[in-house]
1. Counting only residues that are more than 21 Å from T179 (Cα to Cα) and surrounded by 17 or more Cβ atoms within 10 Å (Cβ to Cβ), how many does region 282-299 have?
2. Between L61, L27, L48, which is surrounded by fewer than 20 Cβ atoms within 10 Å (Cβ to Cβ), at pLDDT 95 or above and among the aliphatic types (A, V, I, L, M)?
3. Against the condition in contact (Cβ under 8 Å) with a residue 24 or more places away in the chain, farther than 29 Å from Q127 by Cβ and more than 12 Å from the ligand (Cβ to nearest atom), how does G31 come out, does it pass?
4. Quick one: would you say A285 is aliphatic (A, V, I, L, M) and in a helix (DSSP H, G or I)?
5. So for region 186-206 (the condition being closer than 30 Å to E239 by Cβ and either outside any loop (DSSP other than H, G, I, E, B) or not hydrophobic (A, V, I, L, M, F, W, C) (or both)), does at least one residue qualify?
6. Considering only residues of region 36-72 that are in contact with a helix residue (DSSP H, G or I) (Cβ under 7 Å, 6 or more places away or on another chain) and closer than 19 Å to V144 by Cα, which is nearest to the ligand (Cβ to nearest atom)?
7. Looking at (1) touching a residue at least 40 places away in the same chain (Cβ under 8 Å); (2) more than 30 Å from T260 (Cβ to Cβ), can you tell me which one D42 breaks?
8. Going by the structure shown, is G199 over 24 Å from T122 (Cβ atoms), free of Cβ contacts under 8 Å to residues at least 12 places away in the same chain and out of contact with any Ser or Thr (no Cβ under 9 Å at 6 or more places or on another chain)?
Amino acid sequence: MAENGPILVTGAAGQLGAVGRTVTGLLLERGLPVRAMVRREDDRAAALRAAGAEVVVGDLLEPGDVYRVVSGCRRVYFGMSVSAGYLEATVTMAAAAREVGVNALANMSQMTVSEMSIRNTTPSRQQRQHWLGEQALAWSGLPVVTIRPTMFLESFFQLAAPTVRARARIEVPFGRGKTSPVAAADVARVVAAVLADPGPHLGRIYELTGPRSQDMHAVAREFSDALDREVTYADIPAEDWERGLRKAGLPEHLLGHLMTMAELHRAGRYDRMADGVERVTGRPAMSVREFVSLHADEFGGRRT
Ligand SMILES: NC(=O)c1ccc[n+]([C@@H]2O[C@H](COP(=O)([O-])OP(=O)(O)OC[C@H]3O[C@@H](n4cnc5c(N)ncnc54)[C@H](OP(=O)(O)O)[C@@H]3O)[C@@H](O)[C@H]2O)c1
């Protein structure tokens with residue numbers, strides 16, 4: 001392992017939460033060398049290169065690629081899209097990181113894992129793979145920091161934005177369950193702080209939520225405040241939501257994960273509060289209102 005080698009950031013092109021892309025930018029801002037791993041050469045890769053990252057192309061499911069991109073790196077952020085091969089990629093990364101001998105690995109997981117055990121799991125294959133992945137990393141003996149965010153504001157709002165734009169209504173089957181979504185940008189700030197100075201964080205688990213846990217009617221009120229027009233919440237049947245997601249062409253693995261997430265919301269399992277964002281970064285997590293204000297155009301804009 002190179003003591004002064006770059007920090008590897010996987011999933012750096014970004015797609016949904018784009019944690020990898022934001023982490024890359026934050027580490028470069030701090031003057032740290034970053035090796036940004038992408039799946040293909042495209043505009044996003046060019047933008048990372050222009051920002052100052054060393055861009056490498058590879059597949060996290062190909063052991064040879066993973067060993068090549070980890071070689072020479074001293075620290076790693078590991079995260080990739082919600083997908084069926086997640087556990088295989090995690091264990092492949094663990095094997096490569098052991099071989100190379102990295103001195104810190106920040107692993108993206110999910111907050112639901114905090115409530116899981118071998119006797120108490122969920123139907124989501126993604127959550128099961130995160131739980132197993134965390135186990136495997138613990139067995140690996142690697143210097144790991146575990147990042148467990150609740151639902152990202154970005155992914156939640158991607159699901160809600162079309163109906164907020166079309167009829168000023170958030171339509172999701174979350175019942176009366178409370179939720180505390182966290183901005184992926186805040187998650188990235190935590191990861192960047194950890195990777196900039198991993199020593200105090202090694203072995204820790206950071207649970208990350210937004211600043212408030214509230215039901216969807218209260219979330220809709222934060223939307224109304226941010227957009228200066230009324231937005232309401234409609235608790236739609238889970239089957240209708242599933243039909244819509246299926247029509248949108250979501251892969252089966254992601255669909256199953258989202259349906260579990262909705263079910264857990266209805267059961268009150270997303271009613272969580274954690275102070276990881278403020279504890280690690282010294283700044284409070286972004287609220288729903290702040291997030292919607294920043295992204296007002298995506299929700300049909302503010303009342304003029
Ligand atoms: N969304 C949520 O609400 C939420 C909440 C808690 C935790 N998480 C966790 O956050 C992670 C996702 O983070 P994110 O939203 O920041 O990710 P993201 O924006 O979706 O980016 C993931 C990147 O991974 C790349 N990728 C996918 N498969 C790959 C492969 N086989 N080899 C190399 N690269 C690959 C994708 O490349 P392309 O763009 O080229 O496809 C993409 O750029 C997951 O672990 C998820 O469980 C998400």
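The values are calculated or read from the model by the stated rules, or taken from the named source; none is laboratory data. Since the structure is predicted, the reported quantities are computational estimates derived from the model, not experimental observations. As a convention, Cβ positions derive from the backbone with ideal geometry for all residues, glycine included, and neighbour counts pool all protein chains shown.
1. 0
2. L61
3. Taking the combined requirement at face value, the residue does not satisfy it.
4. no
5. no
6. L60
7. The number of the failed condition is (1).
8. yes
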